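To start, the structure itself, in C-alpha cells.
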Amino acid sequence: MKTVGIIGCGAMGKGIVKNFLKNGYKVYVYDLNEQALKRIAEKGAIIAHSPKEVAMNVNIVITSLPTPSIVKETFIGKNGIFTYLEKESIVIDMSTVDSETAEGLGQKAEEKNILFFDCPVSGGPSGANDGTLTIMVGGKRDSFPKLDPILKVVGEHIFYLGKNGAGQAAKLCHNMIVASTIVSLGEAFTVASRAGLELEQLAEVMRKGSATRILDVFGENILKGEYENVLFSLEHMLKDVSLYGETAKTMKVPSFIGSVVQGLFEIAKEKGKGKLDTSAVCEVIGELAGAEIGTSNSTLSVTEK
C-alpha cells in the first residue's frame with residue numbers, strides 16, 4: 001500500500017487526507033487539534049503523536065500549516081522532520097508562506113538529499129474536499145514528474161512555475177488579486193446601494209459581464225452579510241496580503257494597491273473580524289462611508305448612520 005504523511009489537518013488538510021484515503025493510500029496524520037485527529041482517524045487515518053513520528057513512517061510528507069514560523073519549526077526546528085526523513089523522501093508544503101522561507105527550506109532539504117517542493121494551493125476547503133485544487137509548484141524541474149501522481153490525488157490544475165519559492169510567489173500574487181477584488185466589490189456595492197440599485201440584480205449583471213470569478217465565490221456572503229460563513233478567514237487573507245507586501249518590497253516594486261488593501265484588512269482585524277470570512281472586509285468600506293451594510297428583502301442595503 002502507498003503511504004503518505006499529512007501534517008496539518010484543519011480546513012484544508014482534512015480534505016487532503018480524505019482524498020488520499022479514497023485513493024488507497026495508508027495515511028499517517030498529525031495535528032495539534034486532537035478532535036480533528038479523532039474525526040480523521042474514524043475515516044481510516046493513522047494518528048501520529050508528533051511530526052517526527054510521521055517522518056519515521058513515510059517517505060512522502062504533505063504539510064498544510066498556518067504560518068511561516070510553524071512551517072519552519074516543523075521542518076528544521078527541534079525534532080524537525082528533515083532530521084528523520086530518509087534520503088530521496090518527497091516533501092510537499094501546501095502552506096502559504098513567503099518565497100524566502102520556501103527557498104531556505106529548499107536549500108536545507110537539498111543538504112539532506114530530500115526533495116522539497118513549495119506547493120501552495122487555491123480552491124479553498126471545498127476544492128480540497130473535492131480533489132479539485134489548483135496547485136502552484138516550486139522546486140527542481142527534473143524531480144517534478146515524481147510529484148504528478150501525488151498531486152493529482154488532490155489537484156485538478158497543476159502548474160510547475162520554477163525553482164523553490166516560485167510557487168509561493170505565484171500564490172501571494174494570486175491572493176492579492178483576490179483580496180483587492182473583494183475590497184473593490186465592497187466599495188462598488190456600497191456605491192450602488194446609495195444609488196438605489198438592487199444589489200442581487202447588480203451581482204447578476206457582473207456575473208454576465210466582465211467581473212471576475214471572485215463574485216461567484218464570495219458574492220453570496222457579501223450580498224447577505226453572512227460573514228460567519230467562513231470560506232477563507234480574514235486573518236489568513238491578511239497574512240497572505242502582508243506576505244505579498246513583503247515580497248513586493250524585496251523585489252523593489254511599489255505596491256500602491258496592495259498597501260491599501262492590506263491597510264483595510266488590518267483595520268478589519270483590529271475591529272474583531274479576523275475569524276470571520278475574508279469578505280467581512282466589505283463592512284469596513286461601509287463604516288468608512290458612514291453607512292451600515294446589511295440585508296433587506298434578500299438584497300444588500302446601505303443605511304445612513
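Angle between the Cα long axis of helix 234-250 and the longest principal axis of the chain, 0 to 90 degrees, nearest 10?
Rounded to the nearest ten degrees, it is 80.
Using helices alone, what [θ] at 222 nm do you get for the chain, with -39,500 (n - 2.57) per DSSP H run of 4 or more residues, divided over all residues and rounded to the nearest 500?
Value at 222 nm, helices only: -14500 deg cm²/dmol.
Highest mean first, how do 92-101, 36-45 rank when packing is the count of other Cβ atoms within 10 Å averaged over residues? Let's see the in-between values first.
Values: 92-101: 24.5, 36-45: 15.8.
Per-residue Cβ counts within 10 Å, averaged per peptide and sorted highest first, yield 92-101, 36-45.
For segment 149-157, in order, what is each residue's ³J(HN,Hα) by Karplus, 6.51 cos²θ - 1.76 cosθ + 1.60 with θ = phi - 60°, in whole Hz (x at glycine and Pro)?
x, 6, 5, 5, 5, 10, x, 9, 10
Identify which of GLY209, GLY123, GLY272 has the largest mean-square fluctuation in a Gaussian network model of the chain, with springs joining Cα atoms closer than 10 Å.
For the chain, modelled as a Gaussian network with Cα springs under 10 Å, the answer is GLY209.
When only Cα pairs under 8 Å and 6 or more residues apart are kept, what is the percent relative contact order across the chain?
The normalised contact order for the chain reaches 14 percent.
Compare the peptides 240-249, 143-152, 225-234 by average per-residue count of other Cβ atoms within 10 angstrom and give them in order, highest first.
Values: 240-249: 19.9, 143-152: 14.9, 225-234: 17.8.
Highest mean packing first, the order is 240-249, 225-234, 143-152.
Starting from the Cα of LYS22, draw a straight line to each of the lysines and keep only those under 18 Å, dropping any in the same chain fewer than 8 residues away.
LYS2, LYS14, LYS38, LYS43, LYS152
GNM, the chain, Cα, under 10 Å: largest mean-square fluctuation among THR63, THR278, THR83?
Greatest mean-square fluctuation among the candidates belongs to THR83.
Can you list the HN-Hα couplings for segment 220-228, worked out from phi with the Karplus curve (6.51, -1.76, 1.60; θ = phi - 60°), rounded to whole Hz and with x for Gly and Pro?
Coupling constants for segment 220-228: 4, 4, 5, 4, 9, x, 9, 6, 6 Hz.
Compare the peptides 22-28, 215-221 by average per-residue count of other Cβ atoms within 10 angstrom and give them in order, highest first.
The packing order, highest mean first, is 215-221, 22-28.
What distance in nm separates the simple spin-label points at LEU231 and GLN35, each placed 7 Å from Cα in the Cβ direction?
2.5 nm
Relative contact order for segment 93-174 using alpha-carbon pairs under 8 Å, separation at least 6, rounded to a whole percent?
36 percent.
Could you tell me which of rounded, prolate or oblate describes the chain, using a ≥ b ≥ c as the square roots of the eigenvalues of the alpha-carbon gyration tensor, with rounded for a/c under 1.5 and, failing that, prolate when a/b is larger than b/c and oblate otherwise?
Cα axes put the chain in the prolate bin.
Per residue of segment 103-120, in order, report the coupling 6.51 cos²θ - 1.76 cosθ + 1.60 (Karplus, θ = phi - 60°) as ³J(HN,Hα) in whole Hz, putting x for Gly and Pro.
Coupling constants for segment 103-120: 4, x, 5, x, 5, 4, 5, 4, 4, 9, 6, 10, 8, 10, 10, 8, 9, x Hz.
Only the coordinates and a few stated rules stand behind these numbers; no lab work does. Keep in mind that this is a model prediction, so the values were computed, not measured. Positions of Cβ are backbone-derived with ideal geometry, glycine not excepted, and every protein chain shown enters the neighbour counts.
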